[in-house]
Amino acid sequence: MHLLLSVVQAKVPRMTQETSSDAGTAMTAGPLPWPSEWDAVVVGMIASGLVTLSRGLERRGAFPVPYPVALQRGLDRLSAMAMAVGAETPRSVMDLAEWSHRPFFQWPFHPSVEGMNGDEALLVNGKPSKACLEWAVISGDVEGEIRERMLIHGVLDVCKAQNNPDAYVWFRRLLVERPAMSERDLVVTMAKPEFALVAQQLRVAYRPAPAEALIDGEALVCGGCGHLWTVDDYGIRRCHEWDCPAPSTIKTRLPRSEGVVWLSRELRTFISGPGRSELRIADALTRAGLTVQLWPDFDACDVLPAEVPWAADVKSWTNPVRLAWRLTERPFVVPQNADRGFIVIAKEQTIGRAEYLRTLRNHCTWLKSQSRVEVVSEKTYIDRVIREARRRNCEG
Ligand SMILES: [Zn+2]
């Protein structure tokens, strides 16, 4: 994907003049000639297809033939929709890949969906963006999500079978705290007693760092998030991880000669990303004197303070509408030993976006029917738990 799709991108440098923000969207008055659900379905198909295509390219270094079914179907359907309103159509998968590098509102024809910000692109530097991965997860049939989940489920199964919840917590914490390391450190980690149970799964989770992370004989570990710096198509070398708080800082350098490994994109997005928030919350509550469990009872929730049993499910999705769909499809089940449940949105998503929580509440049909579950920001959750702990303490 990287090489080939980057060539496509290079041919169309940045965004062009001919596409003003809504130029190509030939929205005519009156009802559209396709079922309304097509708009979201087609974006989901394209996103799933791009994720699968990218995976095939990474594995084999060549375009998979035939193209992923979802991508071909997405292309066909998008073309039909564009044609129906007299707009420009993508003629090939390469065309579609080129469109996918553009901000969504600059597509010559873009479906009408709330779950995509106008400035989001599905591909960045030839790779699926976080938006693309989130769409792929919502559409539900993508290999990527299944693979990530199989790995996590595999770890859960092993730990449950041995009745060892601590091993699961060690595993999750490692993925958050050390998303990249030297091959040597991985081997040493796998040999530690606390990781013995999940050594095999660690081997699968960590994979060799790609060429764009290994420059001048070394890889740079980001001081903000612990991932690896990479070089993008414009030659800029820094951390390109989504939501990284300090992408231009370096924590340490790893010599290429020792071998360098990092987590797959899915694990970085759906485990390490929210994980940073989960650890921040646990740290803040611990500092306030509470006893906090992370991923208790084999992942019944993400954070559970002992003194105030309010279970948190932490999310770090970029787009609140996509998260609303996801929660409706897969609701958070409040653990039995918890009084209440909270969907906690990572600080990275709510900073400067006052509307995020409101949009999520408005679009989430599942949430509207819940009396014991609320959506809150990271800070609100921490403040309320601490306040409640003090209240209970005074009463006690
Ligand atoms: Zn970073």
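Here are 258, 241: which of them is in contact (Cβ under 8 Å) with a residue 24 or more places away in the chain, acidic (Asp, Glu), under 17 Å from residue 178 (Cβ atoms) and near the ligand (Cβ under 10 Å from one of its atoms)?
Details: 258 fails: near the ligand (Cβ under 10 Å from one of its atoms).
When all the criteria are applied, what remains is 241.
Quick one: in the range 222-235, which of the residues that are more than 9 Å from the ligand (Cβ to nearest atom) and over 18 Å from residue 130 (Cβ atoms) is surrounded by the fewest Cβ atoms within 10 Å (Cβ to Cβ)?
The residue in question is 235.
Would you tally the residues in the range 261-274 being within 15 Å of the ligand (Cβ to nearest atom) and at pLDDT 95 or above?
1
Have a look at 372, 353, 326 and point out the one that is outside the structural domain of residue 168 (by TED's automatic domain parsing), at pLDDT below 95 and in contact with a strand residue (DSSP E or B) (Cβ under 7 Å, 6 or more places away or on another chain).
After applying the criteria, what remains is 372.
Using beta carbons and a limit of 8 Å, which pairs, at least six apart or on different chains, have the first residue in the range 153-164 and without any contact (Cβ under 8 Å) to a residue 60 or more places away in the chain and the second one among the polar types (S, T, N, Q) and in a helix (DSSP H, G or I)?
Listed pairs, sorted by first residue: 154/201; 155/201; 158/201.
Look at residue 269 and say whether it is of a type in the set (Ser, Thr, Tyr), crowded, with 22+ Cβ neighbours inside 10 Å and farther than 22 Å from residue 165 by Cβ. First the steps, then the outcome.
Numbers: of a type in the set (Ser, Thr, Tyr): yes; crowded, with 22+ Cβ neighbours inside 10 Å: yes; farther than 22 Å from residue 165 by Cβ: yes.
Yes: the conditions hold for residue 269.
Kindly evaluate residue 334 against the criterion of being in contact with an Asp or Glu (Cβ under 6 Å, 6 or more places away or on another chain) and buried (at least 18 other Cβ atoms within 10 Å of the Cβ).
no
The values are calculated or read from the model by the stated rules, or taken from the named source; none is laboratory data. This structure is a prediction, so every number in the text was calculated from the model and none was measured. Every residue, glycine among them, receives a Cβ derived from its backbone with ideal geometry; neighbour counts consider all protein chains shown.
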